[in-house]
Structures are given as C-alpha cells and as structure tokens.
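Everything below concerns the one structure shown next.
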Amino acid sequence: MRPLHPLLLAALVGAAGIPGLRAQDSAAGRPAAVLVSGPREGDRAPDFSLAWASRDTAGAVPWFSLSSQRGKVVVLAFYPRDFTSGCTAQMKTFTEQYDDLFGEDVVVVGINADSLETHQRFAQSLGLPFRLLSDPKQEVSKKYGSADQNGYNRRTVYVIDRKGRVAYTNLRFGALDPKAYSSLKAAVSDARRN
C-alpha cells in the first residue's frame, strides 16, 4: 500500500474534525501538518507545579500547583515570550480588563519558558496583578499542546473549572482580537456558574 500524500493526509485529518491541526511550510518549502494535542474540554486538566514570579517577587515558595487551586476557576495563558509586542498586548489587556474578564475569585497565570527574573521584570513593567510561571523545558506546555518546535509557546488559553476539568480551550488565542477576549470572558463566566 502506498503512503498518502502529505496534503491528502492533512485534508483527511482536518475533515475528521481533529482540533489543533494546522498546516505550515517546512524548511524545504513543502506543506507539513502539525497535530497539536492537549486536553480537550471535559478532560481532567493535567496537574503540574512550576516556580513563579510576580511584580513583587521571583522564585517564591511554594511553587504554583494546579491541584492546590481545586475549588477555584483557573485561567492558564500560555504565551511565547515576555517583552514581545503580541505578548505585551495580551498581558496588558488582561491587566486593564482584569475585573471584567476574570474578577477576584479567578486565578490567572501566564506560562512560558522565560526565566523568573525576566518574568518579574515583565510583571513590574506592566503592573500585572497575576503570577507568571516559568516552564524552561516546556514540560507543562507540552502537556497542554502549547509548545512549538522552536522552544517557544504558542498563544493558547485554557479555563479550568472548580473540579479541575478543562472548561474551555482556545489553541489560537488572538492577542489583538477583541472576539478572543469576549469568548474568554464568557468561558470564565460559565465556569464560575458551574
């Protein structure tokens, strides 16, 4: 049996409704399919513990642990790098619209591979009211289908409900797209009610 042509395979997988599939050009200029796997809505959120920084501190103990947040709604915002234009826009919007998007009873964390020191400087520069978690080996990012092949995270957002289940996923969060923030706000509101 002959193997399927990569474009045909990508079309078949896309038609099957598998979330997170995207096409991209490889170094050779040929299309390639990249399947992004992470927990789906309704799945138990993979547990993890990571060191964190805030505008006031870096490397605080205890580490942030998802399981210790049980009973709270948690927003996991994976993003590529501190101090880049898209990431700055996203975190600035989160900060400026914090009460409207999340509220005091929701735990929000940003996650990427940057160091704790870089995270603290970034949090200070924007006055972030939430923690930034350092995932230098992208172990957590991989569990959530957010790590790319270049050592950076893709911009993805998960909402975890009070029972520790994934209530919402956006595997292509648009930092400059108002609809992305509206969708996130609705998902947080739904998770709070359930």
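Scan the stretch 121-166 for residues that are open to solvent by 30 Å² or more (accessible area, probe 1.4 Å), assigned to a helix (DSSP H, G or I) and under 20 Å from Ser65 (Cβ atoms) and report the count.
Adding up the residues that qualify gives 3.
Within the stretch 173-194, take every residue that is modelled with pLDDT of 95 or more and part of a loop (DSSP other than H, G, I, E, B) and give me the one that is farthest from Ser134 (Cα to Cα).
Across the stretch 173-194, the extreme among qualifying residues is Asp177.
Tell me which residues, restricted to the stretch 169-183, are surrounded by 18 or more Cβ atoms within 10 Å (Cβ to Cβ) and either within 17 Å of Ile111 (Cα to Cα) or among the β-branched types (Val, Ile, Thr) (or both).
Scanning the stretch 169-183 gives Thr169, Leu171, Phe173, Ala175.
How many of the residues in the stretch 166-183 are under 12 Å from the mean Cα position of the chain (by Cα) and either over 16 Å from Ala45 (Cβ atoms) or basic (Lys, Arg) (or both)?
Count: 4.
Enumerate the pairs (first residue in the stretch 50-67 and open to solvent by less than 20 Å² (accessible area, probe 1.4 Å); second residue anywhere and of a type in the set (Asp, Glu) and at pLDDT 95 or above) with beta-carbon separation below 7 Å, excluding pairs fewer than 6 apart on the same chain, so at least 6 apart or on different chains.
Matching pairs, first to second residue: Leu50/Asp135; Leu66/Asp47.
Determine, yes or no, whether Thr93 is open to solvent by less than 10 Å² (accessible area, probe 1.4 Å), under 30 Å from Arg193 (Cα atoms) and not aliphatic (A, V, I, L, M).
The answer is no for Thr93.
Any chance the stretch 148-160 includes a residue that's free of Cβ contacts under 8 Å to residues at least 60 places away in the same chain and of a type in the set (Lys, Arg)?
No: zero hits.
Residues that are in contact with a Phe, Trp or Tyr (Cβ under 7 Å, 6 or more places away or on another chain), more than 21 Å from Thr95 (Cα to Cα) and not acidic (Asp, Glu): does the stretch 172-194 have at least one?
no
Starting from the stretch 174-185, keep only residues that are of a type outside the set (D, E, K, R), then list their pairs with residues that are open to solvent by 80 Å² or more (accessible area, probe 1.4 Å) whose Cβ atoms are within a distance under 6 Å, requiring at least 6 positions of separation or different chains.
If the second residue must be open to solvent by 80 Å² or more (accessible area, probe 1.4 Å), no pairs are left.
Among the strands (runs of 3 or more DSSP E) contained in the stretch 1-112, which hold 3 or more residues that are modelled with pLDDT under 95?
21-25, 31-35
The values are calculated or read from the model by the stated rules, or taken from the named source; none is laboratory data. Computed from a predicted model, the values in this text were never measured in an experiment. Every residue, glycine among them, receives a Cβ derived from its backbone with ideal geometry; neighbour counts consider all protein chains shown. The accessibility values were calculated without ligands, DNA or RNA, using every heavy atom of the protein model including side chains. Shrake-Rupley method; radii C 1.70, N 1.55, O 1.52, S 1.80 Å.
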